[in-house]
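First comes the structure, then the notes that go with it.
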Amino acid sequence: MTITHSTSALSQARNYIVAASDGTRILFGGGATASNVIKSTVDIYEGGAWLTATNLSQARTALAAASVGNKILFGGGITSFGGSGPVVSDLVDIYQNGAWSVSSLSVARSSLAAASDGTRILFGGGYYFNEGSWQLEPSSVVDIYENGVWTTSSLSVPSGDVAAAAVGNKVIFVTDGGTADIFEDGELVSSTSLPIPRIGVAATTVGTKVIFAGGWTNWGSSASDAVDIYDSATDSWTTANLSTARGQAAAASVGTLALFAGGAGPSDMYAIVDVYDSVADSWTTTASLSIARYAAAGASLGNKVLFAGGGTSSGGVSSAVDIYEGPPSVPTTFTVTYDGNTNSGGTAPVDGSSPYNAGSNVTILGVGTLVKTGYTFSGWNTAANGSGTAYAASVSLSIQANVTLYAQWTLVTVTGGSVTISDTDDGLPADNTITLTQDLTVEADGDLFLNVPSMGDLAGDKIITIKPHGKIHLAGGHTVTVLDGTKGKIHTKP
């Protein structure tokens, strides 16, 4: 993919700003000047031009930003560098189509990270002020914003410096201790130790891959070229390397490319831009930044990636904006198909909105008219045998490839109605009862597992039909068979 490079400028020079896009515009918010004057400025890039700058409700730096739907949220940060140390904020500014509102995190903190899974934004980790020790300490808090409502969760370990990115319905946080926490639909589902713990890591997503690149292994004195890549399609991690070891690079993606720009080493600032091609699975470099710098903000809009602001080698800060533009965006569409997966009747649902543009949020459909005798529907899975990613009806997924969802079936646990059993040679007592809620059939050579002690004559209007060689299995390892001449009695055998 050919990339062109051009430059522009922010309204003010500043570093440690953050950026996020709602699909129509990019907002670059907050940050600090070379003299550590903290700013509330928000620069807005839309339609290839800069709009009149606006402001956060409170000036702050070292904050986090992410978008969900048409909302962009700016959360936390440092509001001042006082004599007793930085003062941190719990404030959240919410931008929606030109209007602002405010909310708050559960715990005030700075240097946190934020990412969205398409349904919710997660703000994780950072430094909070511990009134007991009177100093900033790492936090494990994760604040979750969904449809205007806040809930909380936790990282597996406290982390003051965090990187975050999302793929599909997953948000991944990488802590300063090298732990990768994967949240799925807002719930922590797994934690993995990465090979090289580091801080100041750059993160972005391209296709089905989340990439965590570079960072400091020892703050200010030892930088890393390590790259950790999580592929949601295979639920696996791989590694790679940047062309140059550095921390605090900026990252963003365009099309099938992920760009990692600038950064700092122990004695140098860098202008280099590493490019990962997710289709070719290869690394190259492209045109360098116009000014070598670290702690810039990166975000993408359409077929453009913008890297703005940052600290320079002279100890100053920059207003530079480097714009990398790929070919015009061509929407890629993907389909969602539903499969009955051994259903005995009915038809699988059909999504009338399919195909979807890449990255669109898809609402999972219900069972439709599908049925399977002796089973209940328990959801969908990307693998017929249930080993893939599970989805319940009405949840959302961000589509990045064609998806086939297979119905999952659970054997019916029988309750309802009354039966009487006869005496049996395994010592089970007579007159045990179960109830049936539906008619059941055990197919030829099939099995039905029931969580009941035993069975006998059926009463009521519900029927169990056992076809030739079918078996009913009971708790405790007993097998139910129908013997000749029993006139409908079902005997249990040990």
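Numerical summary
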| read-out | value |
| --- | --- |
| Residue in the range 335-357 that is within 18 Å of Thr24 (Cα to Cα), surrounded by 15 or more Cβ atoms within 10 Å (Cβ to Cβ) and of a type outside the set (D, E, K, R) present | no |
| Enumeration of residues in the range 327-345 that are in a loop (DSSP other than H, G, I, E, B) and modelled with pLDDT under 95 | Pro327, Pro328, Ser329, Val330, Pro331, Thr332, Thr335, Thr342, Asn343, Ser344 |
| Residue tally, condition among the small types (Gly, Ala, Ser) and at pLDDT below 95, over the range 49-94 | 7 |
| Considering residues of the range 120-135 that are of a type in the set (S, T, N, Q) and assigned to a strand (DSSP E or B) only, the residue farthest from Pro158 (Cα to Cα) | Gln135 |
| Check on Glu184, out of contact with any Lys or Arg (no Cβ under 8 Å at 6 or more places or on another chain) and either under 21 Å from Tyr16 (Cα atoms) or surrounded by fewer than 23 Cβ atoms within 10 Å (Cβ to Cβ) (or both) | no |
| Pair list, Cβ under 7 Å, 6 or more apart: the range 266-279 residue under 14 Å from Asp225 (Cα atoms), other residue basic (Lys, Arg) and surrounded by 19 or more Cβ atoms within 10 Å (Cβ to Cβ) | Tyr270/Arg246 |
| Filtered residue count, the range 114-128, keeping only those that are under 15 Å from Ala19 (Cα atoms) and surrounded by fewer than 24 Cβ atoms within 10 Å (Cβ to Cβ) | 1 |
| Single match in Gly69, Gly82, Gly47, Gly76 (criterion: in the same structural domain as Leu301 (by TED's automatic domain parsing) and crowded, with 16+ Cβ neighbours inside 10 Å) | Gly76 |
| Some residue of the range 103-113 being of a type in the set (Gly, Ala, Ser), crowded, with 23+ Cβ neighbours inside 10 Å, assigned by TED's automatic domain parsing to the domain that holds Lys209 and touching a Leu at 6+ places or on another chain (Cβ under 6 Å) | no |
| Residue that is among the aliphatic types (A, V, I, L, M), outside any loop (DSSP other than H, G, I, E, B) and modelled with pLDDT of 95 or more, where the choices are Ala20, Ala13 | Ala20 |
| Residue check, Gly126 assigned by TED's automatic domain parsing to the domain that holds Ser193 and over 24 Å from Gly85 (Cβ atoms) | no |
| Long-range neighbours under 8 Å by Cβ, at least six apart or interchain, first residue charged (D, E, K, R) within the range 352-375, second assigned to a loop (DSSP other than H, G, I, E, B) and surrounded by fewer than 18 Cβ atoms within 10 Å (Cβ to Cβ) | Lys372/Thr342; Lys372/Ser344 |
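The values are calculated or read from the model by the stated rules, or taken from the named source; none is laboratory data. In this text the structure is predicted, and so the values were computed from the model without any measurement. Every residue, glycine as well, gets a Cβ built from its backbone with ideal geometry; the counts of neighbours run over all protein chains shown.
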